[in-house]
1. Which ones in segment B:99-125 are in a loop (DSSP other than H, G, I, E, B) and over 10 Å from the mean Cα position of the chain (by Cα)?
2. May I ask you to list the residues in segment A:203-214 that are assigned to a loop (DSSP other than H, G, I, E, B) and surrounded by 23 or more Cβ atoms within 10 Å (Cβ to Cβ)?
3. Hey, does segment B:139-156 have a residue that's at pLDDT 95 or above, surrounded by fewer than 23 Cβ atoms within 10 Å (Cβ to Cβ) and part of a loop (DSSP other than H, G, I, E, B)?
4. Is it the case that segment B:79-86 has a residue that's under 28 Å from residue B:252 (Cα atoms) and touching a residue at least 60 places away in the same chain (Cβ under 8 Å)?
5. Would you point out which residue out of A:60, A:53, A:39 is within 14 Å of the chain's Cα centre (by Cα) and not assigned by TED's automatic domain parsing to the domain that holds residue A:231?
6. Could you list, in sequence order, the residues of segment B:137-156 that are away from chain A (no Cβ under 13 Å) and more than 15 Å from the chain's Cα centre (by Cα)?
7. Look at residue B:74 and say whether it is out of contact with any strand residue (DSSP E or B) (no Cβ under 9 Å at 6 or more places or on another chain) and at pLDDT 95 or above.
């Protein structure tokens, strides 16, 4: 298996209209209605990066990981099946919705749904932000990153994901938890983004802690902060700079309940020279969390 | 609704039963519902604390209708007697908020030999609710169970050792009791949705109340750190989703949902297990002697 990038995420929403306003007016992404009832949030040349699907519950439904091609896709499927992972094969309708050639789904040991897909389908319509965001950093870095909760199964999650070809450990952060220090493990796949996936040993409502989108410049981050204030979106953590990916960012509440980290200036990694490190402080400055 | 009287359509005020109403989320819930002109049947363990809370609830709320029922939830006989007291006070209940709960720092057992966390956080509200079913069906009522994201800290109920006689850990016992709240909500919804009864579970957030004081050192430190950094919620903030559900029952449909920050979100995989929900109900009936 060779995971190239976080290609898409699926989000459930009782009211997709709430996401439409949020995605366009606050995030500055494009929102496109699909006849199926899905709302596509577009941040680059791809058809979408976030698909908001009508659902009874609000929250992240699945993280979609892209592999290079069809042979890799089937290798990934048989590798996971051989490991005893229960595979839910994709359908033609599902592939149409995800705009990929093929996909299958499974749950990680913490119960989060993931999908492996190949061959994203796009008409390459350029991204034009409705509020003037200069662009989002995707390309060979994927859409951003997702941080999930693993309050009772961190060891199993790490064993599962750090098998060869899946993810590599980037760094470790310790934060206070209800039973002492909790660990956050940051993981990278086969691209230069410092982490595309992370797991925190903390209980978090809905299970998704945050999704990160990287904008083109720090001015985009500042302007988004202005829009957050203007639209009364709850700010969850103030502007700050992370020590691991060196991103300058802030965190806000999404209509999915989870947070969105909106940042810029993320480090591009050369993994051949990487040394895994542990830190007891996640941010060089800022990122004050609020109630 | 501010300033309007919550009525049942026949001119009588709506009746809310709130357990654990002497402090924290319960007191904040009772205060908000008094403000919405609910008649309150408040439950507490200590008559002294109940008197203080009663005075607080009546201050600035002229004509407030508040009755107190004193019960120690670690004694099921007390819970049964309290249910009888409530039946004598009202012919119907519109909202039942099962809020009373605790966290311990070591294993202890009740007079009947139940692990105290399981007895107080699950068996007591189970017995109270099932004892009040005729009144709950009369309205029909909305039963709101104050659970917690802590339910995700355990993979499943310890079905073969619910009293945690082996490998007791305070947080695991708490997590199991909060998972029990989610499963109880699910089964309550399944059994009685046809009669109009609505059941919801709520994660109130990390609230700076008396709650962590009986927990272990790590938990107390975690709450203290959250309070110092401003991340902990006030009791009023913690009560927000409970009060929202109590006053807008339509938001809770279809019945059986799990809510945080006024959003319906997915509980853990174990919290979505319908077979587990049925199993827990059957076991609980037997344990409280109602089978």
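1. Taking segment B:99-125 and keeping what is in a loop (DSSP other than H, G, I, E, B), we get B:99-108, B:110-114.
If the condition is that a residue be in a loop (DSSP other than H, G, I, E, B) and over 10 Å from the mean Cα position of the chain (by Cα), then B:102, B:103, B:104, B:105, B:106, B:107, B:108, B:110, B:111, B:112, B:113, B:114 are the ones that fit.
2. Within segment A:203-214, the first condition is being assigned to a loop (DSSP other than H, G, I, E, B), and the residues that meet it are A:203-207.
Of everything in segment A:203-214, those that are assigned to a loop (DSSP other than H, G, I, E, B) and surrounded by 23 or more Cβ atoms within 10 Å (Cβ to Cβ) turn out to be A:203, A:205, A:206, A:207.
3. So far as segment B:139-156 goes, yes, one or more of its residues are at pLDDT 95 or above, surrounded by fewer than 23 Cβ atoms within 10 Å (Cβ to Cβ) and part of a loop (DSSP other than H, G, I, E, B).
4. yes
5. Working: A:53 fails: within 14 Å of the chain's Cα centre (by Cα); A:39 fails: within 14 Å of the chain's Cα centre (by Cα).
Only one candidate qualifies: A:60.
6. Looking only at segment B:137-156, we keep the residues that are away from chain A (no Cβ under 13 Å), and these are B:137-146.
Result: B:137, B:138, B:139, B:140.
7. Yes; evaluated as a whole, the condition is true for this residue.
Matching residues to (1) modelled with pLDDT of 95 or more; (2) buried (at least 21 other Cβ atoms within 10 Å of the Cβ); (3) farther than 30 Å from residue B:189 by Cβ; (4) in contact with a strand residue (DSSP E or B) (Cβ under 9 Å, 6 or more places away or on another chain):
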| position | (1), (2), (3), (4) |
| --- | --- |
| B:220 | no, no, yes, no |
| B:228 | no, no, yes, no |
| B:232 | no, yes, yes, yes |
| B:245 | yes, yes, no, yes |
| B:248 | no, no, no, no |
| B:251 | no, no, no, yes |
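The values are calculated or read from the model by the stated rules, or taken from the named source; none is laboratory data. Because the structure is a prediction, the values reported are computed rather than measured. Positions of Cβ are backbone-derived with ideal geometry, glycine not excepted, and every protein chain shown enters the neighbour counts.
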